[in-house]
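The values are calculated or read from the model by the stated rules, or taken from the named source; none is laboratory data. No experiment lies behind these values; they were computed from the predicted model shown. Ideal geometry is used to build each Cβ from the backbone, glycine not excepted, and the neighbour counts take in all protein chains shown.
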Amino acid sequence: MNSLLKNTCIAAIALALATGASATPVKTIDNLKKAFAGETTAFSKYTQYAAVAKREGNLYAYNLFRAAARAEGFHARNHKAVLEKYGVKDVQPSKYTGKVGTTAENLADALKGESYERDTMYPEMIQTAKQEGAMDAVQTFTFAVTAEKAHAQFYGEALQNAKAGKTQQPVAFLVCPRCGETFRADAPASCPVCQTPKERFNIIR
Ligand SMILES: [Fe+2]
Ligand SMILES: [Fe+2]
């Protein structure tokens with residue numbers, strides 16, 4: 001390294017330290033890209049699963065898959081906004097091209113995906129983002145993991161009913177447009193996760 005370049009580097013580091021600028025959260029940017037790919041794939045997948053449920057006459061699952069798809073779309077949008085803050089502007093949504101089965105099979109697959117995001121993927125991403133001081137990422141990952149918990153619960157119940165041959169009457173699902181939190185049949189006056197008023201929730205019926 002020549003001395004001019006060396007001095008420039010030292011000056012840049014000194015400026016960063018003086019202004020409190022934090023280092024680029026490299027792992028978190030990679031995690032945001034992975035999470036964006038996961039959420040856009042889930043959106044595409046659940047939209048295809050909803051079409052199967054409708055064909056099978058399972059309108060409960062039809063509403064549930066569309067509500068979860070809506071929530072995953074909000075998560076993808078939130079992740080993308082944080083990526084843009086970090087200067088990443090070229091991410092493209094992913095499409096699901098895997099197997100589409102019966103509604104019972106699709107519910108089992110959806111439950112598996114949500115459980116992985118809830119128990120492993122997002123908790124690890126949140127921990128890494130905290131270590132890297134990327135608090136915007138902590139928030140978008142926390143919004144997502146909270147909604148995935150609800151999705152896993154709804155998918156699990158629907159799967160048990162499908163296996164038992166029980167038909168669930170269709171109900172409306174409500175989705176918070178800010179954090180994606182998902183409610184069945186009714187919702188509190190404001191989102192317990194992000195305080196968005198119920199009047200702004202998307203109703204899927
Ligand atoms: Fe989900
Ligand atoms: Fe919310």
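A few notes on this one:
- Hey, Glu132 away from ligand 2 (no atom under 16 Å from the Cβ), in contact with a Pro (Cβ under 7 Å, 6 or more places away or on another chain) and not basic (Lys, Arg) or not: yes
- Checklist (1) on the phi > 0 side of the Ramachandran plot; (2) outside any loop (DSSP other than H, G, I, E, B) applied to Glu157, failing item: (1)
- Of everything listed in (1) closer than 19 Å to Lys54 by Cβ; (2) touching a Pro at 6+ places or on another chain (Cβ under 9 Å); (3) among the polar types (S, T, N, Q), the single unmet condition for Thr196 is (1).
- Total residues in region 45-72 satisfying the condition of being out of contact with any Pro (no Cβ under 6 Å at 6 or more places or on another chain), away from ligand 2 (no atom under 16 Å from the Cβ), more than 18 Å from Ala108 (Cβ to Cβ) and touching a residue at least 40 places away in the same chain (Cβ under 8 Å): the figure is 1.
- Residues in region 175-205 that are touching a residue at least 12 places away in the same chain (Cβ under 8 Å), more than 20 Å from Phe141 (Cα to Cα) and outside any loop (DSSP other than H, G, I, E, B): Arg184, Lys198, Arg200, Asn202, Ile203, Ile204.
- Residues that are free of Cβ contacts under 8 Å to residues at least 24 places away in the same chain and of a type in the set (Val, Ile, Thr) were ranked within region 105-129; the one that is nearest to ligand 2 (Cβ to nearest atom) is Ile126.
- So Val52, is it within 18 Å of the chain's Cα centre (by Cα) and at pLDDT 95 or above: no
- One residue stands out in region 162-205 among those that are more than 12 Å from ligand 2 (Cβ to nearest atom) and surrounded by 17 or more Cβ atoms within 10 Å (Cβ to Cβ): the one that is modelled with the lowest pLDDT, namely Ala162.
- Search result, residues across region 74-125 that are in contact with a Lys or Arg (Cβ under 9 Å, 6 or more places away or on another chain), within 15 Å of ligand 1 (Cβ to nearest atom) and among the acidic types (Asp, Glu): Asp109, Glu114
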